[in-house]
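Beneath this line is the structure, given in structure tokens, with notes to follow.
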Amino acid sequence: DAGVIQSPRHEVTEMGQEVTLRCKPISGHDYLFWYRQTMMRGLELLIYFNNNVPIDDSGMPEDRFSAKMPNASFSTLKIQPSEPRDSAVYFCASSLSTSLMGYSYNEQFFGPGTRLTVL
Amino acid sequence: GEDVEQSLFLSVREGDSSVINCTYTDSSSTYLYWYKQEPGAGLQLLTYIFSNMDMKQDQRLTVLLNKKDKHLSLRIADTQTGDSAIYFCADFYSSASKIIFGSGTRLSIRP
């Protein structure tokens with residue numbers, strides 16, 4: 001398997017523009033996560049999906065951020081309008097819910113990330 | 001909410017052991033993880049420990065879990081330059097099926 005695929009790898013845009021980040025999870029995985037990483041705030045969970053349904057979006061910073069998962073093999077994270085403080089590395093991760101020693105076990109596989117710079 | 005905390009930086013001399021510490025608050029943890037992030041890459045699972053274990057060893061890595069104190073540590077023996085990375089402690093919050101990550105500890109190696 002190719003692993004989690006994210007595109008683009010780098011995005012430079014101007015303040016006010018719309019930005020769309022894309023993610024293809026590992027085939028067969030039923031969970032998909034979007035994270036944001038900055039030096040100041042570390043790794044933040046933005047939103048996650050189970051079987052294409054958003055479960056928890058409490059980490060989405062504000063209404064400018066939206067995420068969709070139209071099918072099991074594709075998800076987008078959109079920022080509209082973008083602001084300089086949105087500059088960060090955005091990671092997508094996927095996992096398969098499974099059981100190990102009788103307990104739920106969850107290993108997340110991360111994509112390489114999209115480095116977003118908003119000027 | 002549940003929280004995972006770890007120190008931000010650690011510097012060790014090449015060949016010495018590195019010990020990265022972590023504390024967590026979830027009283028119903030089943031699995032705890034250590035992830036590694038190399039420069040310019042995503043996080044990758046390094047090792048995990050089940051909550052009924054005190055210790056797990058895997059080659060140069062030793063994970064210690066003190067469930068009473070909710071303390072987890074990762075020891076890397078004979079630290080090499082290739083071990084330079086950010087190490088994330090993480091707790092599987094099973095009731096929400098999500099992993100809570102710490103802020104990451106940046107490990108740097110001195111010659």
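Rule-based calculations on the coordinates, nothing more; no lab input. Model, not experiment: these values are computed from the prediction. Please note: Cβ atoms are built from the backbone with ideal geometry, for glycine as well, and neighbour counts cover all protein chains shown.
Would you please give the FRET efficiency between B:Ser84 and A:Lys78, computed as 1/(1 + (r/R0)^6) with r the Cβ-Cβ distance and R0 = 22 Å, to the nearest 0.05?
For R0 = 22 Å, the calculated efficiency reads 0.05.
Given contacts defined as C-alpha pairs under 8 Å and at least six residues apart, what's the relative contact order of chain A, whole-number percent? Don't jump to the answer; show the numbers that get you there.
Details: 296 pairs, mean separation 42.5, N = 119.
Averaging sequence separation for qualifying contacts and normalising by length gives 36 percent for chain A.
Go ahead and collect, in residue order, the members of segment B:68-111 whose backbone nitrogen is under 16 Å from a label point 7 Å along the Cα-Cβ direction of B:Glu38.
Counting only backbone N, you get B:80-88, B:107-109.
Name the residue, out of B:Gly40, B:Gly82, B:Gly15, whose mean-square fluctuation peaks in a Gaussian network model built on chain B with Cα pairs under 10 Å.
It is B:Gly40.
For a footprinting-style exposure proxy, rank B:Phe9, A:Phe65 by other Cβ within 10 Å, fewest first.
B:Phe9, A:Phe65
In what order do B:Glu5, A:Glu44 fall by count of nearby beta-carbon atoms within 10 Å, going from fewest to most?
B:Glu5, A:Glu44
Name the lysines eligible as straight-distance cross-link partners of B:Lys70: C-alpha to C-alpha under 24 Å, and not fewer than 8 places from it in the same chain.
Within reach: B:Lys36, B:Lys56, B:Lys98.
What is the distance in Å between the Cα centres of segment A:1-31 and segment B:19-47?
Using only Cα atoms, the two centres lie 23 Å from each other.
Modelled label-to-label distance, A:Arg115 and A:Val53, 7 Å Cα→beta-carbon offset: nm?
In this crude label model, A:Arg115 to A:Val53 measures out at 3.9 nm.
Given Cα pairs under 8 Å that are at least 6 residues apart, what percent is the relative contact order of chain B? Please list the in-between numbers first.
Values: 272 pairs, mean separation 42.8, N = 111.
Relative contact order, chain B: 39 percent.
Excluding residues on the same chain fewer than 8 positions from B:Lys68, give the aspartates and glutamates whose Cα lies under 19 Å from its Cα.
Reachable aspartates and glutamates: B:Glu2, B:Asp3, B:Glu5, B:Asp26, B:Asp54, B:Asp91.
Using a simple spin-label model with points 7 Å from Cα along the Cα→Cβ vector, what separation in nm is obtained for A:Ser27 and A:Ile5?
1.1 nm
Would you mind ranking A:Val12, B:Val12, B:Val63, A:Val4 so that the residue whose beta carbon has the fewest other beta carbons within 10 Å leads the list?
Details: A:Val12 12, B:Val12 16, B:Val63 21, A:Val4 24.
The fewest-first ordering by Cβ neighbours comes to A:Val12, B:Val12, B:Val63, A:Val4.
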